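Here is the structure we will look at, set down as structure tokens.
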Amino acid sequence: MTLLDQNHLDTALERGKAERLAFGGMAYARLTDEIRGVPKGSVVLPDGVVVPGYPSIARIQALDPGLGKQFDGPFWAEEKMDGFNIRIFAHEGEVHALSRGGFVCPFATDRMQDLLDPAIFEAHPNLILCAELVGPDNPYLEGHSPQVQEDVDLFIFDMMEQNREGFLSQEARMRYLREFNLPHAEIFGRFGPDDINKLGELILKLDEEGKEGLVLKPEDQSQRAKYVTGRSNTYDFSVTGEGLLDLPPEYFTNRLMRMGLFMAEHGQQQDHERLSELGHALMQGLFRAIEISKDHNRVGSPFRCRFNQRENAYRFIQHIEDTGGQRVKVYDKMPRQEGDYWVLEFERVHQRMTGFLNQALQGGRQFD
């Protein structure tokens, strides 16, 4: 069985809805658009096997009445991790990790040998592990979840199979997690649409711990929903201030709306400490950007990551230059060897912020 035959793939390639890529010795095709129900971000391997893309998860902004509108039966509540979404699979004995967009990620693929026992794929060769790569040495995201304070770690939150739509059942996934002792996002248990108070207490606990939020999954693993904490929005502001002009306005307005709705639902409108946290988060990033601009005549966000193989560090540099959408400045003498790893340090330059602050700090005229 295949989700996409060769004729449909050839047509997609001709119409620019797919592209051919390669990683090492593995050629593959990446879908840049949905094709015959196979989602964008899916990958077609050389033998025609399809690794399905990971679908978007809708957001609810209020537990009440959101739970009742979205679920008519039991669902599972799991922790939503703040990291880089990957799909991990094995092909011809090699473990690869795909980004959400369907690129083989040189960094995540390189680090799988440190983070995951491949025995799961020896027993179940068609399995796909959907996971979040979390930690301060994640080369994609500013900031990180409080659970990981150094390097990166892996948290599995879903499982799929090659050439099949949908997810494995909750029972099957939990069995595999136990059997192979796999790292995973915390599973809080089974709830129902009437458990608004229980989930309200849980989300406030996660909020106090500085965590991201919840993903709610029905028994049939179909339509999911996510609900994030208020402080996750404040944290996003605190780590993205340098890119204030380079991110779309909706990045900030959407988070303000989420935070306002969260605080209103949980009776926090008069919580002046939280409001002060928000103001501090909004301004500290801007203050950092101003100081960086004064010192370096540019504004950027620094990143650091480690590789087992030097070649993968070079592949990653090419990957972020091709797909990052921002100018990347790799620091001198990179990658450099530290112990058993090759360390790569680089900076994503915020070009609009750089131009604006350079002109402002040098006394230039600006029209509103």
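Looking at segment 336-368 only, could you name the residues that are under 18 Å from Pro136 (Cβ atoms) and either touching a residue at least 24 places away in the same chain (Cβ under 8 Å) or surrounded by 14 or more Cβ atoms within 10 Å (Cβ to Cβ) (or both)? Steps first, please.
Start the filter on segment 336-368 by keeping residues that are under 18 Å from Pro136 (Cβ atoms), which leaves 338-339, 341-348.
Result: Glu338, Tyr341, Trp342, Val343, Leu344, Glu345, Phe346, Glu347, Arg348.
Would you call Arg111 basic (Lys, Arg) and not in a helix (DSSP H, G or I)?
Details: basic (Lys, Arg): yes; not in a helix (DSSP H, G or I): no.
No, not satisfied.
Name the one entry in Arg20, Arg87 that is open to solvent by 30 Å² or more (accessible area, probe 1.4 Å), of a type in the set (Lys, Arg), modelled with pLDDT of 95 or more and in contact with a strand residue (DSSP E or B) (Cβ under 8 Å, 6 or more places away or on another chain). Spell out how you get there, then give the answer.
Working: Arg87 fails: open to solvent by 30 Å² or more (accessible area, probe 1.4 Å).
After applying the criteria, what remains is Arg20.
Among the candidates Asp332, Asp295, single out the residue that is over 24 Å from the mean Cα position of the chain (by Cα) and in a loop (DSSP other than H, G, I, E, B). So that I can check it myself, show each step before the final result.
Details: Asp295 fails: in a loop (DSSP other than H, G, I, E, B).
One residue alone meets the criteria, Asp332.
Among the strands (runs of 3 or more DSSP E) contained in segment 164-265, which hold 1 or more residues that are open to solvent by 30 Å² or more (accessible area, probe 1.4 Å)?
Correct list: 187-191, 225-228.
Does segment 279-289 contain any residue that is open to solvent by 80 Å² or more (accessible area, probe 1.4 Å), assigned to a helix (DSSP H, G or I), free of Cβ contacts under 8 Å to residues at least 60 places away in the same chain and under 19 Å from Glu347 (Cα atoms)?
In the first step, residues of segment 279-289 are kept if they are open to solvent by 80 Å² or more (accessible area, probe 1.4 Å); the result is 280, 283, 287-288.
Narrowing further to those that are assigned to a helix (DSSP H, G or I): 280, 283, 287-288.
Then drop every residue that is not free of Cβ contacts under 8 Å to residues at least 60 places away in the same chain, which leaves 280, 283, 287-288.
Pick out the ones that are also under 19 Å from Glu347 (Cα atoms) and you get 287-288.
Within segment 279-289, one or more residues are open to solvent by 80 Å² or more (accessible area, probe 1.4 Å), assigned to a helix (DSSP H, G or I), free of Cβ contacts under 8 Å to residues at least 60 places away in the same chain and under 19 Å from Glu347 (Cα atoms).
Output the residues belonging to segment 165-183 that are without any contact (Cβ under 8 Å) to a residue 40 or more places away in the chain, farther than 19 Å from Ser222 by Cβ and touching a Phe, Trp or Tyr at 6+ places or on another chain (Cβ under 8 Å).
none
So, Phe157, is that one open to solvent by less than 30 Å² (accessible area, probe 1.4 Å), more than 14 Å from Phe89 (Cα to Cα) and in contact (Cβ under 8 Å) with a residue 12 or more places away in the chain or not? Walk me through it before giving the result.
Working: open to solvent by less than 30 Å² (accessible area, probe 1.4 Å): yes; more than 14 Å from Phe89 (Cα to Cα): yes; in contact (Cβ under 8 Å) with a residue 12 or more places away in the chain: yes.
It is true that Phe157 is open to solvent by less than 30 Å² (accessible area, probe 1.4 Å), more than 14 Å from Phe89 (Cα to Cα) and in contact (Cβ under 8 Å) with a residue 12 or more places away in the chain.
Quick one: which strands (runs of 3 or more DSSP E) lie wholly within segment 38-108 and hold at least 3 residues that are without any contact (Cβ under 8 Å) to a residue 40 or more places away in the chain and among the hydroxyl-bearing types (Ser, Thr, Tyr)?
On the way: elements: 75-80, 84-91, 94-99.
No strands (runs of 3 or more DSSP E) qualify here.
Would you pick out the residues in segment 298-329 that are in a strand (DSSP E or B), of a type in the set (D, E, K, R) and crowded, with 19+ Cβ neighbours inside 10 Å? Don't jump to the end; show me each part of the working.
Step one: filter segment 298-329 for residues in a strand (DSSP E or B), giving 300-307, 327-329.
Okay, now just the ones that are also of a type in the set (D, E, K, R), so 304, 306, 327, 329.
Across segment 298-329, the qualifying residue is only Arg306.
Please find, among Val134, Val95, Val152, the residue that is open to solvent by 20 Å² or more (accessible area, probe 1.4 Å) and β-branched (Val, Ile, Thr).
Details: Val134 fails: open to solvent by 20 Å² or more (accessible area, probe 1.4 Å); Val152 fails: open to solvent by 20 Å² or more (accessible area, probe 1.4 Å).
Matching residue, one of Val134, Val95, Val152: Val95.
The values are calculated or read from the model by the stated rules, or taken from the named source; none is laboratory data. As the structure is a computational prediction, the values presented were derived from the model and not from experiment. All Cβ positions, even for glycine, are placed from backbone atoms using ideal geometry, and neighbour counts span all protein chains on display. Protein only, heavy atoms only, side chains kept; ligands, DNA and RNA dropped before computing areas. Shrake-Rupley method; radii C 1.70, N 1.55, O 1.52, S 1.80 Å.
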